[in-house]
């Protein structure tokens, strides 16, 4: 069954990357984490509509940057709509990712800024 939309938490995806890319990770932990990471990557690449939440949440290693580039580049090349959310200004992404990722995200985005106080942790 095809997913019409997919919500990718960059924080969770990045954490999964580190779960199998640290030294001395036991195979019973690393292998399932790697499988989940790459399955998520493939779903995100192919989803007709993708939301990448908190794209500016963490510094990216060269290896993780390459996976983000692969994802973003695939979506750009295939003209698949992507929404990026971030609590940091788009220019900050240049410090997190290399120029190739930064350029693709910045150049193809319409930036909508939301002002106001944080409502995290507040019950509605």
Report, by residue number, each residue of the range 13-31 that is within 18 Å of residue 67 (Cβ to Cβ) and surrounded by fewer than 16 Cβ atoms within 10 Å (Cβ to Cβ). 15, 18, 21, 22, 25, 30, 31
In this structure, does residue 115 turn out to be out of contact with any helix residue (DSSP H, G or I) (no Cβ under 9 Å at 6 or more places or on another chain) and in a loop (DSSP other than H, G, I, E, B)? yes
Could you look through the range 74-91, keep only residues that are at pLDDT below 90 and surrounded by 14 or more Cβ atoms within 10 Å (Cβ to Cβ), and pick out the one that is farthest from residue 118 (Cα to Cα)? 90
Can you find a residue in the range 108-119 that is at negative phi and either surrounded by 12 or more Cβ atoms within 10 Å (Cβ to Cβ) or under 12 Å from the mean Cα position of the chain (by Cα) (or both)? yes
Between a first residue in the range 31-44 that is within 15 Å of residue 7 (Cα to Cα) and a second residue that is surrounded by fewer than 16 Cβ atoms within 10 Å (Cβ to Cβ), which pairs have beta carbons less than 7 Å apart while being 6 or more apart in sequence or on different chains? 43/3
Could you check the range 47-73 and list, in sequence order, the residues that are part of a loop (DSSP other than H, G, I, E, B) and at pLDDT below 95? 54, 55, 56, 57, 58, 59, 60, 61
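The values are calculated or read from the model by the stated rules, or taken from the named source; none is laboratory data. Predicted, not measured: the structure shown is a model, and the values here were computed from it. Don't worry about glycine lacking a Cβ; one is built from the backbone with ideal geometry, like all the others, and counts go over all protein chains shown.
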